[in-house]
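To start, the structure under review is shown below, and the notes come after it.
The values are calculated or read from the model by the stated rules, or taken from the named source; none is laboratory data. Because the structure is a prediction, the values reported are computed rather than measured. Every residue, glycine as well, gets a Cβ built from its backbone with ideal geometry; the counts of neighbours run over all protein chains shown.
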Amino acid sequence: MDKVLSSPEEAIADITDGSTIMFGGFGVSGIPFTLIRALRQKGTRNITAIINSAGGRLADLDLSVLVKNRQIKKVIASYPVYPWTVSVFEQQYLKGEVELEMTPQGTLVERIRAGGAGIAGFYTPTGVGTVVEKGKEKRTFNGREYLLELALRADFALIKAHRADRRGNLTYHMAARNFNPVMATAAEITIAEVDEIVEAGELDPETIITPGIYVNRIVKGERYEVRFE
């Protein structure tokens, strides 16, 4: 099946108000800038965003684009604000205009991985004795306390990869792998923004990180100049 679409607008056309969306990226690496911009133009609102950071590092490119436009209702993240600046998300959160669910970074990844693997939840010692444990089931195993964390799934995953073949197999460029491969497994529809599209069979099978079975749509991304952290 050829999964390549002609434009980012076509790729995100059925994302409706109230959708839960996973966004790949860590810092400035692996963020689906083109798909985020298309989603802003579409105007989809009341989005629950599952993402490592709520944006602010790249205010005109990352999730801040959607936060500024008041399209985000809730963020589930491990690194929602930066200590050296007050982002748009932080401003809205302090005013009670957007919800936040804080999740430790390793726990966030594991919750997404569990969602992709069909596992309902898992126990972890991370967060015991902190605000993270509020409202969560706690159990003791071998004398140590653990919290029950529930899996995360989404309606859509917007991810960034380096190369794709027309069947949806993906390779990544260095650190851009971050959250992208695991998010690809945990959504009903995965949309991949890529730098380059090749014909089926042109990718070295040993370099494929995300098999095409997890990818529903592919779109060629625009080129953006960003600073390294």
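Quick one: is GLU202 part of a loop (DSSP other than H, G, I, E, B), more than 20 Å from THR20 (Cβ to Cβ), touching a residue at least 60 places away in the same chain (Cβ under 8 Å) and of a type in the set (D, E, K, R)? Judged against the criteria, GLU202 is not a match.
Which one of GLU90, GLU99 is more than 24 Å from ARG153 (Cβ to Cβ) and over 14 Å from the mean Cα position of the chain (by Cα)? Walk me through how you get there before you give the answer.
Details: GLU99 fails: more than 24 Å from ARG153 (Cβ to Cβ).
It is GLU90.
It is to be established whether one or more residues within segment 19-39 are touching a helix residue (DSSP H, G or I) at 6+ places or on another chain (Cβ under 6 Å), surrounded by fewer than 18 Cβ atoms within 10 Å (Cβ to Cβ), touching a residue at least 12 places away in the same chain (Cβ under 8 Å) and outside any helix (DSSP H, G or I). Within segment 19-39 (the criterion being touching a helix residue (DSSP H, G or I) at 6+ places or on another chain (Cβ under 6 Å), surrounded by fewer than 18 Cβ atoms within 10 Å (Cβ to Cβ), touching a residue at least 12 places away in the same chain (Cβ under 8 Å) and outside any helix (DSSP H, G or I)), the answer is no, since none of the residues qualifies. Here GLN71 qualifies as among the polar types (S, T, N, Q) and at pLDDT 95 or above. Name every residue in segment 131-159 that is touching a Phe, Trp or Tyr at 6+ places or on another chain (Cβ under 9 Å), over 15 Å from ILE50 (Cβ atoms) and either surrounded by 17 or more Cβ atoms within 10 Å (Cβ to Cβ) or not hydroxyl-bearing (Ser, Thr, Tyr) (or both), in order of residue number. Passing the criteria: GLU137, LYS138, ARG139, PHE141, TYR146, LEU147, LEU148. Entry remark, segment 100-129: residues being farther than 11 Å from LEU147 by Cα and not small (Gly, Ala, Ser) number 13 in total.
Output yes when any residue across segment 161-171 is outside any loop (DSSP other than H, G, I, E, B) and more than 13 Å from GLY212 (Cα to Cα), and no when none is. Yes: one or more hits. Residues of segment 95-112 that are within 21 Å of ILE47 (Cβ to Cβ) and hydroxyl-bearing (Ser, Thr, Tyr): THR103 alone.
Considering (1) modelled with pLDDT under 95; (2) touching a Ser or Thr at 6+ places or on another chain (Cβ under 9 Å), the lone condition that GLU133 does not fulfil carries the number (2).
Could you please let me know if THR85 is assigned to a loop (DSSP other than H, G, I, E, B), surrounded by fewer than 17 Cβ atoms within 10 Å (Cβ to Cβ), hydroxyl-bearing (Ser, Thr, Tyr) and over 15 Å from the mean Cα position of the chain (by Cα)? It is true that THR85 is assigned to a loop (DSSP other than H, G, I, E, B), surrounded by fewer than 17 Cβ atoms within 10 Å (Cβ to Cβ), hydroxyl-bearing (Ser, Thr, Tyr) and over 15 Å from the mean Cα position of the chain (by Cα). Evaluated against (1) over 28 Å from GLY168 (Cα atoms); (2) at pLDDT 95 or above, TYR79 falls short on exactly one condition, (2).
I'd like to check something: does segment 126-146 contain any residue that is of a type outside the set (A, V, I, L, M, F, W, C), within 19 Å of the chain's Cα centre (by Cα) and at negative phi?
Here is the first cut: in segment 126-146, the ones of a type outside the set (A, V, I, L, M, F, W, C) are 126-127, 129-130, 133-140, 142-146.
After this cut, where a residue has to be within 19 Å of the chain's Cα centre (by Cα) as well, the list is none.
So far as segment 126-146 goes, no, none of its residues is of a type outside the set (A, V, I, L, M, F, W, C), within 19 Å of the chain's Cα centre (by Cα) and at negative phi.
PHE33 satisfies every condition listed in (1) at negative phi; (2) over 14 Å from the mean Cα position of the chain (by Cα); (3) not β-branched (Val, Ile, Thr) except (2). If only residues of segment 63-82 that are of a type outside the set (S, T, N, Q) and part of a helix (DSSP H, G or I) are counted, the one that is surrounded by the fewest Cβ atoms within 10 Å (Cβ to Cβ) is LYS68. Each residue in segment 160-189 was checked for being over 14 Å from PHE23 (Cβ atoms), within 12 Å of the chain's Cα centre (by Cα) and among the β-branched types (Val, Ile, Thr), and 1 of them qualify.
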